[in-house]
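Below is one structure. I have some questions about it.
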Amino acid sequence: MLAKAEAGDRLAQFQVALAFETGAGAQQDYAEAVKWYEKAANQGEIAAQNNLAGLYVRGLGTPKSETTALQWYLRAAVEGYPAAQTNVGYMNAAGLGTRRTTKKGYAPAQSNLAFMHSQGRGVPVDGDEAVRWCRKAAGQN
């Protein structure tokens, strides 16, 4: 399998990454899993994109980055991968990875942050903050 992965086969790259992530068939090594997931993910392997995001969320084999995780989940979600779609929903509901996009003027993220402040989801309940973010999002239609 490793020879096929090294030759560029994206499905083999995914399988090698999975083996390194789980320790099934290889010594568990998260950094190697990240390396192989990235290779497969960059070739459009949506399961690899989803699994790579999971490693970024947990900071396994790579520095923890909710923003990078959300980007990978979104790539797989757009392609219709149900697990990634669920993970995007969870991250949005929990407010993970969205703060940077709110500062960049992304109205859906601003709207999500307003909701989070109004409900106390992942942040303290703060009506003033909720209104502020809601106004920013509304200002962009």
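What follows draws every value from the coordinates through simple rules; no lab data is involved. Note that the coordinates shown come from a computational prediction; the quantities given were computed from them, not determined experimentally.
Quick one: if you take sqrt(5λ) for each eigenvalue of the C-alpha gyration tensor of the chain, what semi-axes come out, biggest first, whole angstrom? Could you put the intermediate results ahead of the total?
Working: eigenvalues 249, 41, 21 Å².
The three semi-axes for the chain are 35, 14, 10 Å.
A further question follows. Number of Lys-Lys pairs in the chain under 26 Å by Cα, sequence gap 8 or more or different chains?
Values: Lys4/Lys35; Lys4/Lys39; Lys35/Lys64; Lys39/Lys64; Lys64/Lys103; Lys64/Lys104; Lys103/Lys136; Lys104/Lys136.
Here the count comes out as 8.
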